[in-house]
Every structure is written in C-alpha cells, then in structure tokens.
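Input: a single structure, listed below in structure tokens.
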C-alpha cells in the first residue's frame, strides 16, 4: 500500500510540465461606418481579432455588447492565478467572470464557479446570448470552470495555460466538459 501511494505521488510530479504562453496577435482598431441593430448610421465600429495557433476569430463592438468587448480587451492576456481577484496578479476563471460582470453591469456574482452555477436562470446551449455564463466540469464531476459567452460559440474565460482568452465551445475539450449555462442579465 505504501509503495502504491509513493508511486502515485512521484508520478504526479513527473507528469507536471511547465506551462508556456501561446502567441497571440491583435489588430489595431479600424473605424468603419456601419448601420446595425440599435445603432445610428455612421456610428464608428471598432474591429478586433486574435490568432491562437491555427484558430482565428474576429468580432466587432456592434455584434458583441460594447461593455463586454471593452473589458475583454482590457484584461486580454492577464495571467491565470488560482484564487486571485487582483488583475495585477492574475485571475482565476470565476474571479474574471465576477470582475467583468461588476465592471460591465454593476452586477455582483458569487465568488466561485460552483456557486455561480447554482444561481441565475438555466439556458439551453442553442439559446445562448452574449453575456450568458457557460460552465464546465473539467476532469471532475463538479462544476470547476466558467466563462462568458460572446457569440458564434465563442466564450471568454481565464484559462490556466493562456490567462484571459477566447475559446470555442465546439473545441473537443470544452464540448466534452460543457455542463450548462446560466443567464443573469
């Protein structure tokens, strides 16, 4: 029994590898006259994009609520730090979501992803709207990760490997771990 415990302990350390940051690039804002839903003609629209590995995503402030767009830009790339609520140190997933909701909507969310999941109104995956929270059970039977839905099956979150980033719900990793969504707004 002692041998098994020691072996598991040693293997857990051997399987740990350092996390390297992935390269990201951003385009500068581009001003374009647009006419969109709820907007007056001629309003300026800022476009942005990021590139992660071979995946590319573009968005604009007329399709993503501008408050979310602004805060995604503000915190983009902020390091992941478990248990931290200070953006200068880093965020964990639930503190990032909590901070964005407070700054964008003056809405106080509970601190942990598990507690956040227990609140709000349940939303089906096909009915997701920008601002809905998406929850995951990553290698666990309990909720342990959360992000904010943007559009087109994309969501923003604080990931261990990339910090504050945007990922795709269709990605195998997140598709398998998806646990549900909640609407607070």
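Here are the numbers:
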| read-out | value |
| --- | --- |
| Breaking point among (1) surrounded by fewer than 16 Cβ atoms within 10 Å (Cβ to Cβ); (2) at pLDDT below 95, for residue 183 | (2) |
| Criterion (under 20 Å from residue 164 (Cβ atoms), in contact (Cβ under 8 Å) with a residue 60 or more places away in the chain and out of contact with any helix residue (DSSP H, G or I) (no Cβ under 9 Å at 6 or more places or on another chain)) met by exactly one of 101, 96, 107, 80 | 101 |
| Filter pass, residue 158 being touching a helix residue (DSSP H, G or I) at 6+ places or on another chain (Cβ under 6 Å), in a helix (DSSP H, G or I) and in contact (Cβ under 8 Å) with a residue 24 or more places away in the chain | no |
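The values are calculated or read from the model by the stated rules, or taken from the named source; none is laboratory data. Model, not experiment: these values are computed from the prediction. So basically every Cβ, Gly included, is an ideal-geometry build from the backbone, and we count neighbours across all protein chains shown.
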